[in-house]
1. Look through region A:1-50, keep the residues that are of a type in the set (Ser, Thr, Tyr) and in contact (Cβ under 8 Å) with a residue 60 or more places away in the chain, and return whichever of them is surrounded by the most Cβ atoms within 10 Å (Cβ to Cβ).
2. Please specify each residue of region B:9-29 satisfying the condition of being more than 12 Å from chain A (Cβ to nearest Cβ) and of a type in the set (Gly, Ala, Ser).
3. With (1) free of Cβ contacts under 8 Å to residues at least 12 places away in the same chain; (2) within 21 Å of B:ARG118 (Cα to Cα); (3) away from chain A (no Cβ under 14 Å) as the list, and B:ARG36 as the residue in question, which single condition is left unmet?
4. Scan region B:49-59 for residues that are at the interface with chain A (Cβ under 9 Å from one of its Cβ atoms) and assigned to a helix (DSSP H, G or I) and jot them down.
5. May I ask you to list the residues in region A:9-48 that are in contact with a His (Cβ under 7 Å, 6 or more places away or on another chain) and within 14 Å of chain B (Cβ to nearest Cβ)?
6. In region A:49-75, what residues are over 10 Å from the mean Cα position of the chain (by Cα) and away from chain B (no Cβ under 14 Å)?
7. Determine if region A:78-85 includes at least one residue that is assigned to a helix (DSSP H, G or I) and either surrounded by 12 or more Cβ atoms within 10 Å (Cβ to Cβ) or at pLDDT below 95 (or both).
8. Looking at B:LEU96, is it within 22 Å of A:GLU8 (Cβ to Cβ) and not small (Gly, Ala, Ser)?
Amino acid sequence: MATFITEECINCGACEPECPNTAIYAGGVQWEFQGATHDAISNDFYYIVPDKCTECVGHFEKEQCAAVCPVDCCVPDPNKPETEDVLYARAKQLHPDRAFAELSPATSRFRK
Amino acid sequence: MDERLDLGIREFNGGRYFEAHDILEDFWEGYREPDRVLLQALIHAAVGFYHLDNGNLKGCRSQLSKACTKMRAYLPEYWDLLLEPLHSSMKEHIDLIDEQRHTRTDSLDLPVRPRIQRGHRVAGGFLSIS
């Protein structure tokens, strides 16, 4: 599942700098991917671009946005279930110049 | 206790919920003791009432519910905070929001917003000092 931000968000912005994929944007801000810009997914509060979210697979042991969110509003999207393989492949696609080590409990929440 | 707790509670009791959340969040981020859960409960409470002020009932209900859950282990008081009245008021708000879920937000009949009271234990009870 991609992570998404619920309407409980208070726009504190704590999550945005924590995302290793720059998948988080403030409400109303256009998002970018591979040189193209797209309309904001939310105009009211911070949002996560599903195509750029890897649930921190390949980077951290758990979703960093959820770890720092003071109001627990960064949650798995039940409408977008995704496997670890899909998320890991996305991480590699997003960071083509980076050499990823084999996944471990430190780099995938699926390995706990 | 850190002065940010004092400041955050002052903002909360003044109805400045966004500011209260902001100050308490700053404290919570760097506070790593197990009872940081209570700080987060206070943040949930502040955000819940902020959402209520802005007509976001769903967000309010969810935040107050999280606050109640996380606060439960610290009832009836912790540090110098009298938590039971705050907890009771949040539960009352949740129940009333549920009962009036079909009512326009600006027509909701809700109780006065709670204050976070402070005090200390004395023989035979708890003395509220604020």
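1. My answer is A:THR3.
2. Scanning region B:9-29 gives B:GLY14, B:GLY15.
3. (3) is the only condition that B:ARG36 fails.
4. Matches in region B:49-59: B:TYR50, B:HIS51, B:LYS58, B:GLY59.
5. Keep residues of region A:9-48 that are in contact with a His (Cβ under 7 Å, 6 or more places away or on another chain), which gives A:10, A:20, A:30-31.
A:ILE10 - this is the single residue of region A:9-48 that is in contact with a His (Cβ under 7 Å, 6 or more places away or on another chain) and within 14 Å of chain B (Cβ to nearest Cβ).
6. A:GLY58, A:HIS59, A:PHE60, A:GLU61, A:LYS62
7. yes
8. So B:LEU96 passes the test.
The values are calculated or read from the model by the stated rules, or taken from the named source; none is laboratory data. What you see is a predicted model, and the numbers here were worked out from it, not measured in a lab. For neighbour counting, all protein chains shown are included, and Cβ atoms are generated from backbone atoms with ideal geometry for every residue, glycine included.
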